[in-house]
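This report refers to the structure that appears directly beneath it.
Just so you know, all these numbers are worked out from the coordinates, no wet-lab data involved. A quick note: this is a predicted structure, and the numbers were derived from the prediction, not measured. Every residue, glycine as well, gets a Cβ built from its backbone with ideal geometry; the counts of neighbours run over all protein chains shown.
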Amino acid sequence: MVLDSPYEIARVDASGMLSMVLRLGPMISEGWHAAAGIHPPVARPTAAVVCGMGGSGIGGDLLQVLLAPASPVPVVCVRGDRLPAFVGPDTLVFLCSYSGDTEETLACGDVAVAAGAVPVVVTSGGRLASRTRERGHPLVVVPGGLQPRAALPFLLMPLLRIAAAAGLGREREADAREAAGLLSDLANLWNPEVPSAANPAKRLAEALRGTLPVIYSASPDTEPAARRWKTQLNENSKVHAVYGSFPEIAHNEVVGWDGAGNDAQPRSVVVLRDRDDGPASEGRVEAARSAAFLRARSISDVWSVGSGRLARVFSLILFGDLVSVYLAVLRGVDPTPVAVIDAIKQRPRRV
C-alpha cells in the first residue's frame, strides 16, 4: 500500500507537513510557555473577542467552547475586518495572525485601538508585531517558519493562559501538560511507520479517497474540531469537504441526504464523538445514521481520547490532521503548498 511506503510518503509530502503535524504535542507546551509573563490589559473584562482568519482563527473557536462552561462573560469570534459595536476599553481583544500580515486582523486591531481597547496580540512577526511594539501593547511572539494551520497550539495556548489570568475560566497548566503528553503518545500510534492494518488514520484516509468528506460533530462542544477537519482536508488534501454539528443538522441538513444518491461524487460521513456528548446526542446520531446516512459510501465514528476537555479535543484534531495528510499522499499532492490562497493574498492590500 502507498501509505505503508516511507519512500512514497516522503516523495509526495516533499515540504514535510507530516513532520509538523506530529509535533503538535510539543507545540502545546511551547505555546503555553510563550505567554509566560504576559498580563491581560483588562482585569475584569465585560466580553472577550478573538480576531483571526483561516488557520489563525480556529484557536478562537476552540477558546470559545473551552471557556463556555465557566466564563462569566461572552466570548466572540470574529472572522473578518469588522468588530462588534460593543468593543471598548473593558473588552479583552485578542488579535491572532501567525504571519502578522493578515489584512483582516490588522484592520480589526486598528478598530479596537480606536474604540479604546488594548488588544493582546499573538503572532510570529510581520506588521502586526511591529504595530504592537509601537503601541506598547501585550505581545506574544511565537516561533515562525510554519504554515499557519500547522501552528494551532502556538495560537491557542497563549489565549487560554491569558484568558484564565483575566478571570475567564480556570487555570489550565495541568490540562496543557496532559494534552501535550497525550498527543505525543498518539503520534506514536498513528505515525507513518505504523502499518495501515494497525493505523486507523491511514484506514480512514483510504475510506475518504474519491468521496466528498462530510464531517459532523456529535455535539456543539466538538464543532471546532469538525471545522478543523474540513479546513485541513481543504488545504492539505486539496479536496472539498463539508462540516456541521448535531443537533442543528438534525433540523435541516439531514434532508439533503434524500438526494445524495444522485450526486456524481459519493459522500463519506465522519462523526466526531466525545464521552460528554450525552444520551440525547447519541440518539440523534443513531437516528440520522439509520434514516439519512444510508446513502453514504462509508460512515465512520472517531472518538476522542484523554481525560480533560483540552486533551480530548486535541486528540480529534491530531487524528484529523493526520488523515488529511495521508489523503493528500493517496492523491499524490504535496499537502503544504496552498497556491490559490497565496495568489489571493498577493492582490493589492488595503491596510
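Using a Förster distance of 51 Å, how high is the FRET efficiency between residue 197 and residue 347, based on the Cβ-Cβ distance and rounded to 0.05? The value I calculate is 0.60.
Please sort 229-240, 293-304 by packing, taking for each peptide the average over its residues of neighbouring beta carbons within 10 angstrom, highest first.
On the way: 229-240: 22.0, 293-304: 17.2.
Highest to lowest by the protection proxy: 229-240, 293-304.
Leaving out same-chain residues fewer than 8 places away, which lysines sit with a Cα under 26 Å from that of residue 202? Leaving aside lysines fewer than 8 places away in the same chain, those within reach of residue 202 are 230, 238. Highest mean first, the peptides 211-219, 17-25 sorted by other C-beta atoms within 10 Å per residue fall in the order 211-219, 17-25.
Need the full-extension length gain, residue 251 to residue 282, defined as separation in residues times 0.36 nm minus the C-alpha distance. One decimal, nm.
9.6 nm is the gain from fully extending residue 251 to residue 282.
Membrane-span-like helices in the chain, defined purely by DSSP H runs whose alpha carbon atoms cover 24 Å or more axially and whose average Kyte-Doolittle hydropathy reaches 0.5, are 309-331.
Our estimate of slack between residue 297 and residue 19, defined as 0.36 nm per intervening residue step minus the Cα-Cα distance, is 97.0 nm. With helices as the sole contributors, the chain gives -13000 deg cm²/dmol at 222 nm; each DSSP H run of n ≥ 4 counts as -39500 (n - 2.57), and the sum is divided by every residue.
Students often check this: by mean Cβ neighbours within 10 Å, which of 183-192, 46-55, 65-74, 317-326 ranks highest, and how do the rest follow?
On the way: 183-192: 17.8, 46-55: 23.8, 65-74: 16.0, 317-326: 27.1.
Highest mean packing first, the order is 317-326, 46-55, 183-192, 65-74.
Here the stretch 245-308 and the stretch 113-163 have alpha carbon centers that stand 36 Å from each other.
Can you give the net charge of the other residues whose Cβ lies under 13 Å from the Cβ of residue 78, counting K and R as +1 and D and E as -1?
Details: positive: 79, 82; negative: 61, 81, 104.
Every neighbour counted, the sum reads -1.
Excluding same-chain neighbours fewer than eight residues apart, the aspartates and glutamates reachable from residue 345 by a Cα-Cα span under 17 Å are 81, 101, 103, 104, 235.
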